[in-house]
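What follows is calculated from the coordinates using simple rules that are stated; it is not laboratory data. Here the structure is a predicted model, which means the values were calculated and not measured. Heads up, the Cβs are rebuilt from the backbone with ideal geometry, glycines too, and the neighbour counts pull from every protein chain shown.
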Amino acid sequence: MTKSTARLLPMLIMLLSFGCGGGGGSAANTSGTPAANTPATPAKVVISFSLISTAKLPFRLNGVQISATLPAGLTVTASGSTIASGLEAGSVASSAVNTNFPVFGRYSAPNRVTLVIADSSNAQTGFGPGEMARLTCSLAAGIAISESDRLTLENAITFKASGWDPTAATNPVSLNRFLKPRIVIIM
């Protein structure tokens, strides 16, 4: 277990055990009329998708495709099969992604997402391993995401990662053997 995971896990357990408090802070209803019931806004959960290197990469990444099935209770904002909002480049890919080729996401039932990140910068310098994308999801009321859900999601991810090898006869070249997926859920 990495040091950051060891620090994050107790905090995540504490947050999950306390939940969201209620009450307090609002003025009492003195009109004698019942207050209107308003539906609770679903909680937001951010999923950070990363590819961590297991060995030194021989060259930089130029394209990544990550596919995963989200845990039950998580939904994304989609327009047809395209993720409409809540998807952004992760910290290592943000400098290589621009409006000409932004991070792109597809959604299909049941709760399957496919994210594509590619170097669209003019310099075509690529990017290294690390956080590739962040996806903001809505969490249905009464649903909690556990460490078991995170591990199931992380272990079921499929990905394709490639880079441009200046010495290869055919490009792009797969870098999958040098990488493994990592998921962080931010509530």
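Below, the figures for the structure above:
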quantity	calculated
P(r) of the range 45-96 over all Cα-Cα pairs, binned every 10 Å from zero, in whole percent	16, 49, 26, 9
Nitroxide proxy distance, nm - points 7 Å out along Cα→Cβ at residue 82 and residue 147	4.0
Cα-Cα separations in the range 57-186 greater than 24 Å, expressed as whole percent	31
